[in-house]
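Visitor: To start, I am sharing the structure in question, which I have written as structure tokens.
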Amino acid sequence: MSYGIHPAPACVIAHLSDTHLLAGGALLAELVDTEAHLRATAERLRVAAPDADAIVVSGDIADVGEPEAYALAREILEPVAAELGAPIVWAVGNHDERSHMRAALGLPGSPLDPIDTVHEVGELRIVSLDTSLPGWHHGGFDEGQAEWLAAALAEPPALGTVLVMHHPPLPYRSRLMRLLEFRDEQRLAEVLGAGDVRAILSGHLHINGSGTFTEIPVVLAGATSYADDLGGPPPAMHGIDDTQSFNLIEIYPDAVAHSVVPALPHESRETLPAHLVAQVEQLSPAERMERFSRKPS
């Protein structure tokens with residue numbers, strides 16, 4: 001059904017990040033119910049993205065790397081993924097522990113090796129790069145990963161590649177968080193310069209954000225656990241149990257678009273009632289423009 005000049009997207013990605021789950025559904029910092037937030041996010045995702053082709057979780061799945069926390073993530077997200085027929089792409093964050101994450105999520109490889117994966121979703125390739133460094137919270141390339149990434153990008157698919165990495169390769173607004181940035185940007189730029197990456201999906205900063213890295217769009221998903229408040233008075237860092245969100249990434253042959261979706265239930269009102277939407281759907285394309293776009297004289 002035609003509504004505008006663009007066709008339907010060739011691929012849709014639901015992009016979540018920073019779930020920070022704890023074993024037994026324990027409260028994060030004894031305050032934030034991250035399990036309840038992820039369950040609510042899963043329900044919102046069902047409504048907002050019934051056409052999702054993949055679900056990306058860009059790291060910090062567990063807060064302290066507990067096996068039970070990863071099992072909880074599977075319990076909550078796998079039924080939604082099965083309903084949508086969408087694979088889940090897991091990425092590793094600085095709070096995650098490779099061995100526990102690999103075992104609990106059934107990911108291939110040796111326990112302590114980087115969890116780097118490639119997923120073919122139709123004509124799109126999604127590459128998940130493990131930017132965690134064992135024993136540290138900042139990110140970078142572990143041994144051999146730059147070469148692995150170059151090989152993974154060697155043969156471009158028709159729609160190109162989306163790269164998932166927990167630490168965004170961007171300048172960070174929070175001065176303190178700059179200590180925890182991705183420290184191998186120059187090497188990453190060299191690898192991506194010869195590739196076909198259309199977008200980079202990240203998390204880590206608990207904010208909605210975007211930027212460019214070597215002219216590639218970088219999109220940050222706001223955390224489903226809690227948000228960082230850049231408006232809090234410095235020098236302290238401020239977190240709020242509010243404004244949680246996730247992203248929808250739409251891939252077109254010649255464009256990439258992203259939308260931010262509130263993750264938790266909230267009050268809303270119908271700005272356009274359902275019965276009027278149904279009426280518009282019954283009209284011809286020209287009649288739709290006349291009915292919906294024409295200003296009253």
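The values are calculated or read from the model by the stated rules, or taken from the named source; none is laboratory data. If you're wondering where the values come from, they're calculated on a predicted model, not measured in any experiment. Positions of Cβ are generated from backbone atoms using ideal geometry, with glycine treated the same way; all protein chains shown enter the neighbour counts. These accessible areas exclude ligands, DNA and RNA; they are computed on the full protein's heavy atoms, side chains included. Shrake-Rupley method; radii C 1.70, N 1.55, O 1.52, S 1.80 Å.
Visitor: In the range 245-258, which residue that is touching a Ser or Thr at 6+ places or on another chain (Cβ under 8 Å) and open to solvent by 10 Å² or more (accessible area, probe 1.4 Å) is farthest from E30 (Cα to Cα)?
Guide: E250
Visitor: In addition: For the range 63-75, which residues satisfy the criterion of being touching a residue at least 24 places away in the same chain (Cβ under 8 Å) and open to solvent by 10 Å² or more (accessible area, probe 1.4 Å)? It would help to see each step written out before you state the result.
Guide: Pass one, the range 63-75, residues touching a residue at least 24 places away in the same chain (Cβ under 8 Å): 63-74.
Those that are touching a residue at least 24 places away in the same chain (Cβ under 8 Å) and open to solvent by 10 Å² or more (accessible area, probe 1.4 Å): D63, V64, E66, P67, E68, A71, L72, R74.
Visitor: What residue, among those in the range 271-295 that are among the β-branched types (V, I, T) and surrounded by 10 or more Cβ atoms within 10 Å (Cβ to Cβ), is nearest to G4 (Cα to Cα)?
Guide: Let us first name the residues in the range 271-295 that are among the β-branched types (V, I, T), namely 271, 277, 280.
When the remaining residues are screened for being surrounded by 10 or more Cβ atoms within 10 Å (Cβ to Cβ), the result is 277, 280.
Numbers: V277: 15, V280: 13 Å.
In this case the residue turns out to be V280.
Visitor: Please go through the range 153-183 and pick out each residue that is assigned to a loop (DSSP other than H, G, I, E, B), under 13 Å from L124 (Cα atoms) and in contact with a strand residue (DSSP E or B) (Cβ under 7 Å, 6 or more places away or on another chain). Explain how you work it out, then say what you get.
Guide: Taking the range 153-183 and keeping what is assigned to a loop (DSSP other than H, G, I, E, B), we get 153-160, 166-175, 181, 183.
Among the residues that remain, those that are also under 13 Å from L124 (Cα atoms) are: 153, 155-160.
Selection gives L153, P157, L159, G160.
Visitor: Whether any residue in the range 169-180 is in contact with a Phe, Trp or Tyr (Cβ under 6 Å, 6 or more places away or on another chain), surrounded by fewer than 20 Cβ atoms within 10 Å (Cβ to Cβ) and more than 28 Å from A42 (Cα to Cα) is what I want to check.
Guide: yes
Visitor: While we're here: Which of the residues that make up the range 221-236 are open to solvent by less than 10 Å² (accessible area, probe 1.4 Å) and either touching an Asp or Glu at 6+ places or on another chain (Cβ under 6 Å) or closer than 28 Å to G195 by Cβ (or both)?
Guide: A221, G222, A223, S225
Visitor: Continuing with this model, one more query. Exactly one of these conditions fails for E75: (1) touching a Ser or Thr at 6+ places or on another chain (Cβ under 9 Å); (2) assigned to a helix (DSSP H, G or I). Give me its number.
Guide: Checking E75 against (1) touching a Ser or Thr at 6+ places or on another chain (Cβ under 9 Å); (2) assigned to a helix (DSSP H, G or I), the one that fails is (1).
Visitor: Is there a residue in the range 39-46 that is farther than 17 Å from E250 by Cβ, open to solvent by less than 70 Å² (accessible area, probe 1.4 Å) and outside any helix (DSSP H, G or I)?
Guide: Within the range 39-46, none of the residues are farther than 17 Å from E250 by Cβ, open to solvent by less than 70 Å² (accessible area, probe 1.4 Å) and outside any helix (DSSP H, G or I).
Visitor: Ok, one more. Say whether the condition of being of a type in the set (S, T, N, Q) and farther than 30 Å from G195 by Cα is met by at least one residue in the range 247-254.
Guide: no
Visitor: Suppose we keep only residues that are more than 20 Å from the chain's Cα centre (by Cα) and hydroxyl-bearing (S, T, Y) within the range 91-139. Which one would you say is surrounded by the most Cβ atoms within 10 Å (Cβ to Cβ)?
Guide: S99
Visitor: Here is a further query. So which of A199, A194, A150, A189 ends up being modelled with pLDDT of 95 or more and either surrounded by 20 or more Cβ atoms within 10 Å (Cβ to Cβ) or part of a loop (DSSP other than H, G, I, E, B) (or both)? Full working, then the answer.
Guide: On the way: A194 fails: modelled with pLDDT of 95 or more; A150 fails: either surrounded by 20 or more Cβ atoms within 10 Å (Cβ to Cβ) or part of a loop (DSSP other than H, G, I, E, B) (or both); A189 fails: either surrounded by 20 or more Cβ atoms within 10 Å (Cβ to Cβ) or part of a loop (DSSP other than H, G, I, E, B) (or both).
Only one candidate qualifies: A199.
Visitor: OK, next. What pairs can you find where one residue is in the range 25-41 and within 13 Å of Y226 (Cβ to Cβ), the other is open to solvent by 50 Å² or more (accessible area, probe 1.4 Å) and among the acidic types (D, E), and their Cβ atoms are less than 8 Å apart, with a gap of 6+ or different chains?
Guide: What qualifies is L27/D33; L31/D241; V32/D241.
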